[in-house]
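First the structure, in the form of structure tokens, and then the observations on it.
The values are calculated or read from the model by the stated rules, or taken from the named source; none is laboratory data. Computed from a prediction, not measured in an experiment: that's the story for all the values here. Please note: Cβ atoms are built from the backbone with ideal geometry, for glycine as well, and neighbour counts cover all protein chains shown. The area values use the complete protein model at the heavy-atom level, side chains included, leaving out ligands, DNA and RNA. Shrake-Rupley method; radii C 1.70, N 1.55, O 1.52, S 1.80 Å.
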Amino acid sequence: MGSQDRFGYEWDKYDFMLPMYEKQFLMWIGPDLGPEDFKDKAVLDAGCGMGRNSYWPCKYGAKEVLAFDFDQRSVEAAQKTLKDFSAAKVIYKSIYDIDFVNRFDIAFSIGVIHHLEDPKRAIQNLFRAVRPGGKMILWVYGYENNEWVVRYINPIRKITSRLPVWLTHFLAYFFSIPLWLYIHLIPQKSEYLKLIRQFKFKHLHSIIFDQLIPRIANYWKKEEVEDLVNSLPNNKKYKIHHIRNYSWTVVVDKV
Ligand SMILES: C[S@@+](CC[C@H](N)C(=O)[O-])C[C@H]1O[C@@H](n2cnc3c(N)ncnc32)[C@H](O)[C@@H]1O
């Protein structure tokens, strides 16, 4: 399971759109793609959460954006986020159950695959949904430069991912308050810490909370990401980008 019930609590609570989500979305899809690539395209967003990533393809003129999530509260939050776009539709579905074949120009999954028990099966399903000539985009956590998260946060997560979710939300303050003080009082070298210094406290807290809730959170080395992508059928070409030195974006072209 991909901790969807726990994320549902998060998206129910943090269902607001922020202008900086656009910058994040453009960063997550990698340096080779931009707003113009979505114009008139059919787009699939797998594990959409509150719909913040589907929002931008709608703005960029996609002809269809189908977003899905395996949690009803997330689906409702995404429906609210995307309510003004006639091109958008949000459905309740698991990535393991999607049965689209050669249908979408772009299928993306941002921040989802590393939380799944069977990531290979998930991306095979997603890749099947892409039409030949289309693209699948995945953004996942990287291991490189996140060794400290694996060493110190993973053991904490083992406990907090099993506590009642409201309690984990409260406990997250014990991390978000010191972190907020640390990044604001001390000059930072880390790209990631520099990035999150720009966030409001509520957003920073949501990030910490997001880290503490999932039962599975894989931080993959580059070769593990390659191994994942190589499990796909041969009709592909792919590029891997190291995003801000702490995560991976894979863009897979279906040929
Ligand atoms: C960290 S959140 C990322 C949400 C969104 N992509 C974003 O970047 O805002 C992971 C999402 O994956 C969803 N999820 C977990 N398991 C899933 C599955 N089997 N099929 C579809 N979505 C799933 C969760 O419900 C959650 O909304």
Exercise for the section: Enumerate the calculated ³J(HN,Hα) couplings along the stretch 56-70 in order (Karplus 6.51 cos²θ - 1.76 cosθ + 1.60, θ = phi - 60°), each rounded to whole Hz, writing x wherever the residue is Gly or Pro. Expected result: 6, x, 4, 4, 7, x, 4, 7, 8, 10, 9, 10, 9, 8, 9
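With a sphere of radius 11 Å drawn around the Cβ of Tyr92, what net charge do the other residues whose Cβ falls strictly inside it have (Lys, Arg +1; Asp, Glu -1)? Could the numbers behind the result be given before it?
Details: positive: Arg73, Lys93; negative: Asp69, Asp71, Glu76, Asp97.
Here the count lands on -2.
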Completion exercise
Using a 1.4 Å probe on heavy atoms of the protein chains only, the accessible area for His242 in Å², nearest 10, reads 70 Å²
Practice task
Could you work out which residue, out of Ile177, Ile91, Ile137, moves most in a Gaussian network model of the chain, that is, has the largest mean-square fluctuation with Cα springs under 10 Å?
Solution key: Ile177
Handout entry: GNM flexibility winner over the chain from Ile159, Ile110, Ile243 (Cα, springs under 10 Å)
Key = Ile159
Completion exercise
Charge dipole of the chain built from unit charges on the beta carbon (Lys, Arg +1; Asp, Glu -1), centred at mean Cα; most positive-end Cα among Tyr96, Trp220, Val75 is Trp220
Problem - DSSP beta bridge pairing in the stretch 139-250, given as percent antiparallel to the nearest 5 - result: 90 percent
Fill in the blank from the handout: Whole-percent carbon and sulfur contribution to the accessible surface of the stretch 147-212 (1.4 Å, no ligands, DNA or RNA) stands at 70 percent
Problem - Degrees between helix 4-13 axis and first principal axis of the chain (Cα, 0 to 90, nearest 10) - result: 70 degrees
Exercise for the section: Given a cut-off of 19 Å, name the pairs among Lys120/Lys236; Lys200/Lys221; Lys23/Lys200; Lys93/Lys239; Lys120/Lys239; Lys23/Lys59 whose C-alpha atoms lie farther apart than that in the structure shown. Expected result: Lys200/Lys221; Lys93/Lys239
Handout entry: Extent along principal axes [Cα atoms of the chain; Å; largest to smallest]
Key = 49, 40, 33
Handout entry: Lys237 - accessible surface, heavy atoms, 1.4 Å probe, Å² rounded to 10
Key = 130 Å²
Exercise for the section: Whenever you get a sec, line up His184, His241, His115 from highest to lowest accessible area (probe 1.4 Å, protein heavy atoms). Expected result: His184, His241, His115
Exercise for the section: May I ask you to give the solvent-accessible area per residue for the stretch 147-212, in square angstrom, as obtained with a 1.4 angstrom probe? Expected result: 62 Å²
Completion exercise
Per-residue accessible area, 1.4 Å probe, largest first, puts Lys254, Lys200, Lys89 in the order Lys200, Lys89, Lys254
Problem - Estimated Rh, the stretch 124-220: Kirkwood, alpha-carbon pairs, angstrom - result: 15.4 Å
